[in-house]
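K.L.:
Would you mind keeping the following structure in view while I ask a few things?
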Amino acid sequence: MEIRKRSDIEAVNKWNLSSLYPSDAEWENDFGSVESYIDELKSLEGQVLLSSDNLLKTIETSLALGRKVRRLYTYAKMKSDEDTKNSLYQTLNSRAESLSVKAGEAGSYIVPELLAGEAGVVEAYISEKTELQLYAHYIDEILRYKPHTLTTAEERLLAQAGEVMATPHNVFNMLSNADLVFPEVHDDEGKEVKLTHGSYIPLMKSNNRSVRKEAFEAFYSVYEGHKNTFATLIDSEVKKNVFHSKVKHYPSARDAALFGNNIPTEVYDRLIDAVHDALPSFYKYMKLRKHLLEVEELHMYDVYPSIIKDVDMKIGYDEAKDKVLASLDILGDDYVSTVAGAYKEGWIDVYENEGKRSGAYSFGTYDSKPYILLNYHETLDDVFTLTHEMGHSMHSFYTRKNQPYVYGNYSIFVAEVASTTNEALLNDYLLKTIEDKQEKLYILNHYLEQFRGTIFRQTMFAEFERAIHQIVESGGALTADRLSQVYGDLNALYYGEDVVQDEQIKLEWARIPHFYYDFYVFQYATGFSAAIALSKKMLGDGEDAVEAYKTFLKSGSSNYPIEVLKLAGVDMTTEKPVKDALKVFENLVEEMAETLGVTL
């Protein structure tokens, strides 16, 4: 497929960023106005706890500054993502990042001053001044950090280092998305096509094994040529995390990452243990795949194509929108009408273009539309990506509509719940409405692939993150060879003896952007488990369960994430959601094997 220039993409298929800024000139005007906010915030240093009025003014000034800077950064980042080679928006993005660091410096005294106050002072101010009661949970979250907060001077120094600390992630993005040059490979028709981030997975899903093998080897040959640079970036990222945890007095980098959301590390470890226990059912799935693909050896380039043959589910974008909308009907008129509006109101950037950031995301601010970036290629996977990102955006929509700015976001621990609940509802809709047996089996296979990609794969990533941080915390170094060894060993453990461990797969660590997100990926697996529970509750219990789910969507960060999730009826402090989800996977494997008459 030819990659079009952005100017050739129809306006209806591009997002409209005017809810952020109507023009670059408006962005520049707002950028210039931030200095007065910074000066005002600086003027309050040393006075936070002199009175309840001062405390309120400091909080409100800090939030107003953060709100404006976030808007500036979001616009610059999204414009840069439209075309990562555009130097103008690279510059705007860099300026916004620098401004964010400067704003952080200006308010770096707030937390230390709050934590240095005498016991009971803050609580007395909250009781005294009605306007402060809104910020009670916000303040409580700050006070939790007392054992991990440095002096004002030290916190300011760390804030000043923020831009430098972001270097590994920023360099990875530019190297991976803008500078890597991939070769041409052959498609199903034997034509030479440009290999890109966006075309790689569609090629890997080809029913032509030679197409998959060529794309797989060509893709990783590029990373092989840059493996030492990528290794240095990951080593620097992990050392940054370890440094932060040490200076902030956390037991480990992982403890530091999970502390903000009040998540015990046992939740992380329990997830990995539960998935290890379920690996025999995953090995059965790989054995089923090997049998149905009729190959003597199952390679890593054989794990993507559907094992149900003679089904071509090319789904155009308009059809995808209709299917997603129909699958969400159980969530009520208000939810469905908002999604229908999103299709028409410039929320979504649909197709790949030259230089566009790969992948997909939902992004925006409290004051903007909850935008969606896609790279749509008409696959079934792309339909699920649409509903997944729409789940994120609808979570943002409900939160911002029902919470004040201070609580108008949600934690990363629950960030994947709404998105994967949408996916579960789409699975249910497709299995109920598709009549063709082969297509149903195809959807069933796709459902199993979601388990593979979201629970098993993301947990493997989480275990890899745990391992590489432990290596650095023990004084070791992360060379390309060491990273490939750790990743290769984990890949062999998770996929089992029925899958050949191709040398190239040991380099997969080099292309995963989430390894720069500081222990983020485990939440895909926990979120997927919660989503399975929530979708079953809503489909089984109806309106009451739907209203409980919407209460969760509306709650934002008004409480700690585990408590917010309990409002929807799921308790992630127990092993039940993960174990139950893995049991569903086991049953689906058995059901598929039985339907096909295959003995495992």
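The values are calculated or read from the model by the stated rules, or taken from the named source; none is laboratory data. Note that the structure is predicted; figures quoted are calculated from it, not measured. FYI the Cβ positions are ideal-geometry reconstructions off the backbone, even for glycines, and counts take in every protein chain you see.
K.L.:
Show the residue pairs that are 6+ apart or on different chains and have beta-carbon atoms under 7 Å apart, the first residue being within segment 404-427 and in the same structural domain as Glu141 (by TED's automatic domain parsing) and under 29 Å from Ile59 (Cα atoms), the second being modelled with pLDDT of 95 or more and crowded, with 19+ Cβ neighbours inside 10 Å.
P.N.:
Nothing qualifies.
K.L.:
Within segment 111-126, identify whether any single residue is modelled with pLDDT under 95, in contact with a Phe, Trp or Tyr (Cβ under 9 Å, 6 or more places away or on another chain), among the β-branched types (Val, Ile, Thr) and closer than 30 Å to Gln403 by Cβ, and answer yes or no.
P.N.:
Looking through segment 111-126, at least one residue is modelled with pLDDT under 95, in contact with a Phe, Trp or Tyr (Cβ under 9 Å, 6 or more places away or on another chain), among the β-branched types (Val, Ile, Thr) and closer than 30 Å to Gln403 by Cβ.
K.L.:
I need a count of the residues in segment 371-389 that are farther than 14 Å from Leu430 by Cα and under 15 Å from the mean Cα position of the chain (by Cα).
P.N.:
Filtering segment 371-389 down to residues farther than 14 Å from Leu430 by Cα leaves 371-379, 382, 385-386, 388-389.
Cutting the leftovers down to under 15 Å from the mean Cα position of the chain (by Cα) gives us 371-374, 385-386, 388-389.
Of the residues in that region, 8 qualify.
K.L.:
Evaluate segment 179-192: report whether one residue or more is touching a Gly at 6+ places or on another chain (Cβ under 8 Å) and in a helix (DSSP H, G or I). Show your work before the answer.
P.N.:
Restricting attention to segment 179-192, the residues satisfying the condition of being touching a Gly at 6+ places or on another chain (Cβ under 8 Å) are none.
Taking every residue of segment 179-192 in turn, none turns out to be touching a Gly at 6+ places or on another chain (Cβ under 8 Å) and in a helix (DSSP H, G or I).
K.L.:
Determine which member of the set Glu586, Glu508, Glu497, Glu590 is more than 30 Å from Leu134 (Cβ to Cβ) and not in a helix (DSSP H, G or I).
P.N.:
Criteria check complete, one pass: Glu497.
K.L.:
Further question: Can you name the condition, by its number, that Leu448 falls short on among (1) touching a residue at least 40 places away in the same chain (Cβ under 8 Å); (2) under 21 Å from Ala231 (Cα atoms); (3) of a type outside the set (Val, Ile, Thr)?
P.N.:
Only one criterion in (1) touching a residue at least 40 places away in the same chain (Cβ under 8 Å); (2) under 21 Å from Ala231 (Cα atoms); (3) of a type outside the set (Val, Ile, Thr) is unmet by Leu448, namely (2).
Yes/no per residue for (1) closer than 13 Å to Met165 by Cα; (2) crowded, with 18+ Cβ neighbours inside 10 Å; (3) out of contact with any strand residue (DSSP E or B) (no Cβ under 8 Å at 6 or more places or on another chain):
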site: Asp235; (1), (2), (3): yes, yes, yes
site: Val238; (1), (2), (3): yes, yes, yes
site: Phe243; (1), (2), (3): yes, no, yes
site: Lys246; (1), (2), (3): no, no, yes
site: Ala253; (1), (2), (3): no, yes, yes
site: Leu258; (1), (2), (3): no, yes, yes
site: Asn262; (1), (2), (3): no, no, yes
site: Thr265; (1), (2), (3): no, no, yes
site: Asp269; (1), (2), (3): no, no, yes
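Condition check ((1) in contact with a helix residue (DSSP H, G or I) (Cβ under 6 Å, 6 or more places away or on another chain); (2) aliphatic (A, V, I, L, M)) across all residues:
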{"position": "Leu88", "(1), (2)": "no, yes"}
{"position": "Arg95", "(1), (2)": "no, no"}
{"position": "Gly107", "(1), (2)": "yes, no"}
{"position": "Arg144", "(1), (2)": "no, no"}
{"position": "Gln160", "(1), (2)": "yes, no"}
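K.L.:
Restricting attention to segment 341-350, which residues are surrounded by 21 or more Cβ atoms within 10 Å (Cβ to Cβ) and among the aromatic types (Phe, Trp, Tyr)?
P.N.:
Correct list: Trp347 only.
K.L.:
Among the numbered criteria (1) under 23 Å from the mean Cα position of the chain (by Cα); (2) assigned to a helix (DSSP H, G or I), which single criterion is violated by Leu203?
P.N.:
Of the numbered conditions (1) under 23 Å from the mean Cα position of the chain (by Cα); (2) assigned to a helix (DSSP H, G or I), the odd one out for Leu203 is (1).
K.L.:
Tell me the residue from Leu50, Leu92 that is in a loop (DSSP other than H, G, I, E, B) and at pLDDT 95 or above, please.
P.N.:
Exactly one of Leu50, Leu92 is in a loop (DSSP other than H, G, I, E, B) and at pLDDT 95 or above, namely Leu50.
K.L.:
So Ala103 passes all but one of these: (1) on the phi > 0 side of the Ramachandran plot; (2) touching a residue at least 60 places away in the same chain (Cβ under 8 Å). Which condition number does it fail?
P.N.:
Only one criterion is unmet by Ala103, namely (1).
K.L.:
Condition first: crowded, with 24+ Cβ neighbours inside 10 Å and not small (Gly, Ala, Ser). Now tell me which residues in segment 400-422 satisfy that.
P.N.:
Filtering segment 400-422 down to residues crowded, with 24+ Cβ neighbours inside 10 Å leaves 410, 413-414, 416-422.
Listed by number, the residues that qualify are Tyr410, Phe413, Val414, Glu416, Val417, Thr420, Thr421, Asn422.
K.L.:
Against the conditions (1) modelled with pLDDT of 95 or more; (2) under 25 Å from Trp509 (Cβ atoms); (3) out of contact with any Phe, Trp or Tyr (no Cβ under 7 Å at 6 or more places or on another chain), where does Val267 fall short? Just the number, please.
P.N.:
(1)
K.L.:
Take segment 275-302 and flag every residue that is β-branched (Val, Ile, Thr) and buried (at least 17 other Cβ atoms within 10 Å of the Cβ).
P.N.:
Listed by number, the list holds a single entry, Val275.
K.L.:
Look through Ser252, Ser281, Ser236 and report the one residue that is farther than 30 Å from Pro168 by Cα and among the polar types (S, T, N, Q).
P.N.:
Result of the check over Ser252, Ser281, Ser236: Ser281.
K.L.:
Name the residues in segment 472-490 that are closer than 25 Å to Asp277 by Cβ and either assigned by TED's automatic domain parsing to the domain that holds Tyr200 or in contact (Cβ under 8 Å) with a residue 60 or more places away in the chain (or both), would you?
P.N.:
Matches in segment 472-490: none.
K.L.:
In segment 441-494, which residues are buried (at least 19 other Cβ atoms within 10 Å of the Cβ), among the hydroxyl-bearing types (Ser, Thr, Tyr) and at pLDDT 95 or above?
P.N.:
Hits for segment 441-494 are Thr459, Ser484, Tyr487, Tyr494.
K.L.:
Going by the structure shown, is Gly364 over 18 Å from Ala533 (Cα atoms), buried (at least 24 other Cβ atoms within 10 Å of the Cβ) and not β-branched (Val, Ile, Thr)?
P.N.:
It is true that Gly364 is over 18 Å from Ala533 (Cα atoms), buried (at least 24 other Cβ atoms within 10 Å of the Cβ) and not β-branched (Val, Ile, Thr).
K.L.:
Within the bounds of segment 511-531, is there any residue that is of a type in the set (Gly, Ala, Ser) and either more than 30 Å from Val486 (Cβ to Cβ) or not in a helix (DSSP H, G or I) (or both)?
P.N.:
In the first step, residues of segment 511-531 are kept if they are of a type in the set (Gly, Ala, Ser); the result is 525, 527, 529-531.
From what's left, either more than 30 Å from Val486 (Cβ to Cβ) or not in a helix (DSSP H, G or I) (or both): none.
Taking every residue of segment 511-531 in turn, none turns out to be of a type in the set (Gly, Ala, Ser) and either more than 30 Å from Val486 (Cβ to Cβ) or not in a helix (DSSP H, G or I) (or both).
K.L.:
Test of understanding: among Ser43, Ser52, which residue is buried (at least 18 other Cβ atoms within 10 Å of the Cβ) and over 28 Å from Val171 (Cβ atoms)?
P.N.:
Answer to the selection: Ser52.
K.L.:
Residues that are part of a loop (DSSP other than H, G, I, E, B), acidic (Asp, Glu) and under 18 Å from Lys77 (Cα atoms): does segment 367-382 have at least one? So that I can check it myself, show each step before the final result.
P.N.:
First, the residues of segment 367-382 that are part of a loop (DSSP other than H, G, I, E, B): 367-370, 374-379.
Subsequent filtering for residues that are acidic (Asp, Glu) retains 367, 378.
Restricting the remaining residues to those that are under 18 Å from Lys77 (Cα atoms) gives 367.
Yes: segment 367-382 contains one or more residues that are part of a loop (DSSP other than H, G, I, E, B), acidic (Asp, Glu) and under 18 Å from Lys77 (Cα atoms).
K.L.:
Only one of these conditions is not met by Gln504: (1) without any contact (Cβ under 8 Å) to a residue 12 or more places away in the chain; (2) farther than 30 Å from Leu258 by Cβ; (3) not hydroxyl-bearing (Ser, Thr, Tyr). Which number is it?
P.N.:
(1)
K.L.:
Hey, another quick one. If you scan segment 564-600, which residues turn out to be crowded, with 16+ Cβ neighbours inside 10 Å and at positive phi?
P.N.:
Gly569
K.L.:
If you go through segment 390-436, how many residues are closer than 20 Å to Val69 by Cβ, in contact with a Pro (Cβ under 8 Å, 6 or more places away or on another chain) and part of a helix (DSSP H, G or I)?
P.N.:
Matching residues across segment 390-436 total 2.
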